[in-house]
């Protein structure tokens, strides 16, 4: 026993240091009694396995999927390696869904699998519904354009504005009643029309052009077909003009709906990611801020989801005040992403601090027993940025959670 106790103490202290990450924890195996050196070497190997496992677990908890893998003989880390493989596969599936592959399903994560699969099915149904509506509208527009080919026979019956011009001088040779009405309503109608058509060269060679025609602050979308023809002793061009404003507005409304968050009327995750990809591809200089609402679950549980929804809506209202050209997106739940072009980190930090303060004093809180607060992380992206989108998203998320931890420590101090 007199020999056993000191050795046991050395080995115990070594294990304690490994478990609690005590700095400079080492074990000098060669200084152990001969009978304990094999045990000491085994404990060193076990300690290495534990340290590698802890490092991988810490990296996974931060969303770092680039962490080095434990050595092949480390069976202690086997479950974490399995978790890593599952997360990598789940990440791949999420990327596939983002690219429009809604066949992805998850069947190995219990209740999360049900929620994930339901979300994918709903996205697929909504995407299909939107695509069906767009196809239907485009088919209707195509049908209308094809019908204009019957112009010569149906001129008096089809509500098209028809103008025939001298091909060289652009003097008016003929207008139908619809075109005459437009020209009386707007004396500059013909001049505006010719100016908008000039770049397309349809006035010289014929063909089709789609233009946006503005009058008294209203924008109309016109489809113009131009037909060259002989007119008495000169060459002429016939313009058949149809108003496609209703169809265009409906298509644009569908596009807006596809990229809008229903609760806050902010942009949604899909639009935010498209914008981020576009800005990165075009080497824009901008800042990105991640924001997360504090204690939303508490408000939902204690005061009801109506109050929780108002929390989310009011947060979006304040984030909109960042700047006129900022793109503000609700990523989902209580998370937001803000993208602002040509903005410095300092200006963004000041703006987010202002938003934090204004949110905490929102007028909705006047008779409430709870408060609003927001945690956020800011990343500045330069035109020569070398980090990937994944790196930037991860860093912004990490900074946001660091901000949340700091605020929590301040409240506890």
### Query
When region 356-388 is examined, which residues are found to be over 18 Å from residue 330 (Cα atoms) and not in a loop (DSSP other than H, G, I, E, B)?
357, 358, 360, 363, 364, 365, 380, 381
#### Entry: Qualifying residue in region 81-100 (condition: at pLDDT 80 or above, out of contact with any helix residue (DSSP H, G or I) (no Cβ under 8 Å at 6 or more places or on another chain) and part of a loop (DSSP other than H, G, I, E, B))
yes
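Table: residues versus (1) assigned by TED's automatic domain parsing to the domain that holds residue 121; (2) closer than 30 Å to residue 399 by Cα; (3) under 29 Å from the mean Cα position of the chain (by Cα).
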position	(1), (2), (3)
21	no, yes, no
24	no, yes, no
27	no, no, no
41	no, no, no
47	no, no, no
50	no, yes, no
63	no, yes, yes
### Task
Please work out if residue 350 is part of a helix (DSSP H, G or I) and buried (at least 16 other Cβ atoms within 10 Å of the Cβ).
no
### Query
Can you tell me how many residues in region 173-200 are outside any helix (DSSP H, G or I), more than 16 Å from residue 236 (Cβ to Cβ) and in contact with a strand residue (DSSP E or B) (Cβ under 8 Å, 6 or more places away or on another chain)?
1
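The values are calculated or read from the model by the stated rules, or taken from the named source; none is laboratory data. Values in this document were obtained by computation on a predicted structure and should not be read as measured data. Cβ atoms come from the backbone with ideal geometry, glycine included; neighbour counts cover every protein chain shown.
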